[in-house]
Amino acid sequence: MVALTVFARQLQRHLVKQVRLPVSLRSVQVRRCNLSACSSRFVLSQMHPMWQEPLEVPGGERQSPIDISIRKSVFDPNLKPLVTRYDPRTCQQIWNNGYSFLVEYDDRTDKSTLHGGPLEDQFRLCQFHFHWGENNNWGSEHTVDRHLYPAELHLVHWNSDKYSLFEEAVMEDNGLAVIGVFMKVGKRHEGLQKLVDALPAVRHKDSVVEFTKFDPSCLLPQNTNEYWTYAGSLTTPPLTEAVTWIIMKQPIEVSHDQLAVFRSLLFTSAEEEVQKSMVNNFRVQQSLKDRTVRSSFNPFLHNAVTNDP
């Protein structure tokens, strides 16, 4: 029983850490450039080892990430405002998992939670992480009308009303809820800076550093009432289709220098002879298939549509 418990915790740690990882090791274009701003035909020159071999996709009909078409999204007036209650005291550490860095939270109790929006149940925050590109022209996993942002934040929650452990929720329908926040280059983000200052300590793969009293709500946009939602999957193995995605319409601003610190991290451990920069750590986009993307705002209202990067 002890061995089973240890295995379960190791699985939980592995999956929680992998809830979104990078791209970097093959000299091919990973996904076609969507933006005229992309000047190179080979904007992604390397691919992360995770994507070197074909992966088994469970189900395969609800994979993420996707492109969100504003005009094709369906306004749902029944979508409620999101309610986040995050306790900064549950923040524990930062971990470089060799694909991204994760800020991990104590999720043994309902101290940091998400409900409302498209969710019927309560979800606990277990970690957040980011995806970013090698420059400011790309990096986000999701796109809006084919527009790429330089980075994307993901706050990962699991359904504590239906399941008792993350490792259960990650394998089941309606098990996870992930808030996605686009990041654009602009003024320095003061809330993010505490995290940025801690990142040099986890420059190498498998580095872990204590990180406490961080309130992730400071990374949410001012307007959290306008969002898109759809049924999708994790974007890293095991790619389970357990995720309710909630993508914020309004991006947050971060400075070029803050993103430069993200790009200073490494996919590799200190012992490895060849060091590889942690950039382009996103998955290729997936087909929407028969899914519907719902929006909490009317996309046909003039002020609901924005092309602001």
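Only the coordinates and a few stated rules stand behind these numbers; no lab work does. All values derive from a computational prediction rather than experimental measurement. Neighbour counts run over all protein chains shown; Cβ positions are idealised from the backbone, glycine included.
In table form, for the structure just shown:
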item: Cα gyration tensor shape of segment 94-137, rounded if a/c is under 1.5, else prolate or oblate by comparing a/b with b/c; result: oblate
item: Within straight-line cross-link reach of K289, lysines at Cα separation under 30 Å, skipping those fewer than 8 residues along the same chain; result: K17, K72, K80, K162, K184, K249
item: Pairwise centroid distance, computed over Cα atoms, of segment 60-110 with segment 121-161, Å; result: 7
item: Ranking of R85, R263 by count of other Cβ atoms within 10 Å, fewest first; result: R85, R263
item: Tensor-based shape of segment 51-202 (alpha-carbon gyration tensor, a/c under 1.5 rounded, otherwise prolate or oblate); result: rounded
item: Least to most buried among T113, T212 (fewest other Cβ within 10 Å first); result: T212, T113
item: Sequence-distant residues sharing a close amide H with N281 (under 5 Å, placed H); result: V23, W132
item: Cα gyration tensor category, rounded, prolate or oblate, for segment 221-301 with a/c compared to 1.5; result: oblate
item: Sorted by Cβ neighbour density within 10 Å, fewest at the top, the residues C126, C218; result: C218, C126
item: Antiparallel DSSP beta bridges within segment 154-309, as percent of all bridges there, nearest 5; result: 65
item: Interchain or long-range residues, amide H under 5 Å from Q127's placed H; result: Y105, V156
